[in-house]
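Written below as structure tokens is the structure these notes are about.
The values are calculated or read from the model by the stated rules, or taken from the named source; none is laboratory data. Since we're looking at a predicted model, the values are computed, not measured. Cβ coordinates were reconstructed from backbone atoms using ideal geometry, including for glycine residues, and neighbour counts include every protein chain displayed.
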Amino acid sequence: MASEAVPLARVTECEMEALVRENLRLVYRISFAVLRNHHDAEDAAQETFLRAMKYGSNFPGIREPRSWLAKVAWRVATAHRKKSPELRFDDPGKFHAELAAPGRRADDLLADAQGMELLERQIGRLPEELRKAITLCSVEELPATDVAQILGVSDAVVRSRVFRAKQILRERLLALVKENESS
Amino acid sequence: MNHPDERAKHLDEWLGSALERYSHAEPQPSLESRIIANLRAQRERAARLWAWGTALAVAAVLLLVTVAVTLVDRKDYGPVVVKTRNQGAASPSSGATNGASREAHGIAAGPHAPSREGLVAARTARRDMETMKILNTASSEVEGPRLAQFPSSRPDSEQARLLAAYLENVPAGEMVAIAGETNSIRDLVVSDLSVTPLSWQAENSMEEK
């Protein structure tokens, strides 16, 4: 991308706007992956770009704004999460609106919503290191190299943690299914 | 395929797709414009703050310079302060100093006669006071703009001032005449001068003879 070659120290207003346009989705998704709430994710995304503008000039060595922004977004979202550790899920109004929209079956939507809630709970119960790794890897725009950079570990460690996290999730979900069947 | 394996496979598929959708969220279309507007506002605010900060800093520096210059000027024109030797002396000499001041003001010492050290201290104190008086008088006399030469010129004495006034009032022709007289004073010198003795001196010498 053209903006990736531009060091942030010399970012002008137009370039900053281009940076927002190109990276908003990534920043928003990272924030949403951590906070699980659209309003909080919007706030975090906004704060991320403000920080980028404020402190970008202090880091003349930044050569990859995309990775740097991903890191800032992760930190901002994590700080938000620490302030309010309880997850605030989106209000049901949005789900009701999706139900009313044509083209999708209500059963599927309901199953999706319930499945996602179950997954969120199970990911929330994972050890911190594994939770961080699988949360970041679930963002499709973020390659494993960037995840490793954000977490400060090697690519191999990231892959190992994601594998272990998936294994634990599978075991727990199987146990839940068996429990459900027996009851 | 047995039942548990099939179930595990199905669960794997579900987990994979659920994890793909886990962070799949689209930002609202208005978020982009909101963020850009916010960034612009922030930039403008920062620029305004920077301008105000710079202006305040410059004003503070100017104020400091003005105050410093004023203080330096005051220090230059201020009275000369002379510290007397006995001002900062330790307590033993303070008694002597008190005695000295009493003596200086004509107060009797009482039953305790002043010692030699006390007298010396009294003399020193008196001398210091006189010096202070002279310096204060001189500093009060020397007022006005400071000259650009160093050391600055002392005030003229009364005699010098009178002479200057006289020279100012004397017309130019008279000055030339005086100068001419001064030059011809050599004519008044008598080389072979013999003075005859006075009459009573001559009488006396005759009697002696």
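Restricting the search to segment A:1-47, which residues are at pLDDT below 80 and facing chain B (nearest Cβ under 7 Å)?
A:13
Does segment A:158-183 hold any residues that are touching a residue at least 12 places away in the same chain (Cβ under 8 Å) and β-branched (Val, Ile, Thr), and which are they?
A:158, A:162, A:168
Suppose the filter is more than 20 Å from the chain's Cα centre (by Cα) and modelled with pLDDT of 70 or more; does residue A:75 pass it?
no
Report yes if some residue within segment B:65-86 is within 14 Å of chain A (Cβ to nearest Cβ) and at pLDDT 85 or above; otherwise report no.
So far as segment B:65-86 goes, no, none of its residues is within 14 Å of chain A (Cβ to nearest Cβ) and at pLDDT 85 or above.
Using beta carbons and a limit of 8 Å, which pairs, at least six apart or on different chains, have the first residue in segment B:30-55 and under 17 Å from residue A:22 (Cβ atoms) and the second one among the small types (Gly, Ala, Ser)?
Close Cβ pairs (under 8 Å, with a partner that is among the small types (Gly, Ala, Ser)) amount to B:31/A:45; B:35/A:45.
Where in segment A:110-183 are there helices (runs of 4 or more DSSP H), lying fully within it, with 1 or more residues that are away from chain B (no Cβ under 14 Å), within 18 Å of residue B:12 (Cα to Cα) and not small (Gly, Ala, Ser)?
Filter on segment A:110-183 gives A:155-182.
Condition (residue is under 17 Å from residue B:24 (Cβ atoms), outside any helix (DSSP H, G or I) and modelled with pLDDT under 65) applied to segment A:102-109: is it met by at least one residue?
yes
Every residue, every condition in (1) over 30 Å from residue A:113 (Cβ atoms); (2) more than 9 Å from chain A (Cβ to nearest Cβ); (3) at pLDDT 90 or above; (4) touching a Gly at 6+ places or on another chain (Cβ under 9 Å), yes or no:
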residue	(1), (2), (3), (4)
B:16	no, no, no, no
B:31	no, no, yes, no
B:45	yes, yes, no, no
B:90	yes, yes, no, no
